[in-house]
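Below: one structure, written as structure tokens.
The values are calculated or read from the model by the stated rules, or taken from the named source; none is laboratory data. Quick caveat, the model's predicted, so the values are computed rather than measured. When we count neighbours, we look across all protein chains shown, and the Cβ atoms used for this are built from the backbone with ideal geometry, even at glycine. All accessible areas refer to the heavy atoms of the entire protein, side chains included, with ligands and DNA or RNA removed. Shrake-Rupley method; radii C 1.70, N 1.55, O 1.52, S 1.80 Å.
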Amino acid sequence: MAYIETLFLWFAVYSIIGWIYETILCSIKQKRFINRGFLNGPYCPIYGCGALLDILLLGRISNTVLLFLAAALLTGALEYFTSLTMEKLFHARWWDYSDKKFNINGRVYLTGVIAFGIFSLVLILFLHPAVSIHTAILPETLRTTVAAILFSILLIDTIYTIAKFSEFEKVLQEMKSRLSIPLISTKTRCARKLTNLNGRIKMINSQVCRMILSFPKLKSIHFEEELKKLRELIQSGRNGNTF
């Protein structure tokens, strides 16, 4: 049990580090704060999963070149299958590298794979030794308590996010039937609403809006034109006085 708790703490630490990296990078690019990540909290689980895979499967490789190649392949495969799985579950793609050179189905590309290979080297050779020392000296009660709290937060966030984002396609389906009707986007306390000239209102929950604003390359498999229109409406409302 202690080993599982330690593994989860490592997962949490690297998920948070991944969120910080993604958020800073994307916020600089878009010149505004972006809460990057599928979940709402300050963590990106894909980074935590990638770090654990590196540590557990590659941690004993002593040859630096071999470690880099194996890590690049492993993390690239994780990104590819994460993209594929999320597309199958939600009929949407959160990232698309089709405009990059040497990409595979737009899910991964060479420069990104190289970058994650380098990150993995830094993780295994420098970062994780320090993290493992600090988690090892935690008192048993504190370790169990922290792991339980973090797991509960992550579980609640995951359930909430999936439940709310399940409305994504429903919103786009309704958008499809309204494309010919002028719409206005405004903001309420925790959601956006689209109002047409006849006064009909469609509420859009904050989770869907956050995804659309935080992931500029988010694509719908079945409703791409509707998503483009919805993004424009939300952005116009955000930039206006009523949003």
For the chain, what is the accessible area per residue in Å² when the probe is 1.4 Å? 56 Å²
Heads up, region 11-136 by the C-alpha gyration tensor (a ≥ b ≥ c square roots of eigenvalues; a/c under 1.5 rounded, else a/b over b/c prolate, else oblate) looks oblate
For the pair LEU73 and ILE4, what calculated FRET efficiency results from E = 1/(1 + (r/R0)^6), where r is the Cβ-Cβ distance and R0 = 35 Å, to the nearest 0.05? 0.85
Count the net charge of all other residues whose Cβ sits under 15 Å from the Cβ of TYR109, scoring Lys and Arg as +1 and Asp and Glu as -1. +2
Please report the spacing between the Cα centers of region 99-164 and region 30-86 in Å, no decimals. 7 Å
For Cα pairs less than 8 Å apart in space and 6+ apart in sequence, what is the mean separation divided by the residue count of the chain, i.e. the relative contact order in percent? 19 percent
Rounded, prolate or oblate: which fits region 13-58 when a ≥ b ≥ c are the square roots of the eigenvalues of the alpha-carbon gyration tensor, with rounded for a/c under 1.5 and prolate only if a/b beats b/c? prolate
Could you state the angle between the C-alpha long axis of helix 64-90 and the longest principal axis of the C-alpha atoms of the chain, as a value from 0 to 90 degrees rounded to the nearest 10? 30 degrees
C-alpha long axis of helix 140-165 to longest principal axis of the chain, angle in °: 30 degrees
Classify region 77-141 from the C-alpha gyration tensor, please: rounded if a/c falls under 1.5, else prolate or oblate depending on whether a/b exceeds b/c. oblate
Per 10 Å bin, what percent of the C-alpha pairs of region 105-167 does each bin hold, from zero upward? 17, 22, 32, 27, 3
